[in-house]
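Note sheet for the following structure.
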Amino acid sequence: MAENEGRKKRSGAVALSYKQESNRAPKVVATGQGLIADKIIDVARRAGVPIQQDPGLLEILLKLELGREIPIELYHAVAEVLAYVRRVSK
């Protein structure tokens, strides 16, 4: 984390869920900044969910509504994240 005037700079976080048998595309299931982002990240780590850092993608995903499937324009970027998650999960 970067420091900002002696304080910890807060992060942002987005959690995606994708079930191939029931979803056409990954869905946004949690978003947050600051303390909420810290909680999302903590829950993911405790559950063994790999975390990918991509500030550009994060900025876009934070603008999406909760429960919404990602738009087609983000398929490629999110597919790269899912491929990373699959690799580190094995």
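Below are the figures for this structure:
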quantity: Filter result (basic (Lys, Arg), part of a helix (DSSP H, G or I) and surrounded by fewer than 12 Cβ atoms within 10 Å (Cβ to Cβ)) within region 34-90; calculated: 45, 46, 86, 87
quantity: Where a residue in region 14-30 is closer than 15 Å to residue 71 by Cα and without any contact (Cβ under 8 Å) to a residue 40 or more places away in the chain and its partner, wherever it lies, is surrounded by fewer than 16 Cβ atoms within 10 Å (Cβ to Cβ) and among the hydroxyl-bearing types (Ser, Thr, Tyr), with Cβ under 8 Å and at least six apart; calculated: 29/17
quantity: Pick from region 55-90, criterion acidic (Asp, Glu) and closer than 25 Å to residue 34 by Cβ, ranking: nearest to the chain's Cα centre (by Cα); calculated: 59
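None of the figures in this text is laboratory data; all of them are computed from the coordinates on show. Remember, it's a predicted structure, so these values are computed and weren't measured experimentally. With ideal geometry, Cβ positions are generated from the backbone for all residues, glycine too; neighbour counts draw on all protein chains shown.
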